[in-house]
Amino acid sequence: MPSSLDYRASGLLLHITSLPSPHGIGDLGPAAKSWINCLSEFGQSCWQSLPLGPTGVGNSPYQPLSSFAGNALVVSPDWLIEDELLEPNDT
């Protein structure tokens, strides 16, 4: 994004787990890709999400178990199946 003070942008705050999914919670799969396309179509510049690390005590995203690890819950089972890293009956 340009750093000019005259530049204006808009976006939305939505945690990845709030996206629709047949697996119970949203993930970084087809729904996330569709969401990004919708944001672009409607002229949005930003998508802000809460931290994605594995949660610790109280399941707060702001107290992750690691500052460097990602959360396995947001990995898309659909794309793991598509890449033949999982079998369809593994999900």
Which label belongs to the value computed from this structure, given these candidates for percent of Cα pairs over 18 Å apart: (1) 39; (2) 56; (3) 42? (2)
Between ARG8 and LEU86, with labels modelled 7 Å along Cα→Cβ, what's the label distance in nm to one decimal, could you check? 4.3 nm
Scan the chain for GluC sites (Glu not before Pro) in coil per DSSP, keeping those whose Cβ has at most 15 other Cβ atoms within 10 Å, and list them by number. GLU84
Does anyone have the angle between helix 30-41 and the longest principal axis of the chain? Alpha-carbon axes, 0 to 90°, nearest 10? 10 degrees
For LYS33 and LEU50, extending 7 Å from Cα along the Cα-Cβ vector and measuring point to point gives, in nm, a value of 2.7 nm
When the dipole is taken about the Cα centre of the chain, and only Lys, Arg (+1) and Asp, Glu (-1) are charged at their Cβ, what size is it in debye, to the nearest 20? 520 debye
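None of the figures in this text is laboratory data; all of them are computed from the coordinates on show. Keep in mind that this is a model prediction, so the values were computed, not measured. Using ideal geometry, Cβ is built from the backbone for each residue, glycine included, and neighbour counts are taken over all protein chains shown.
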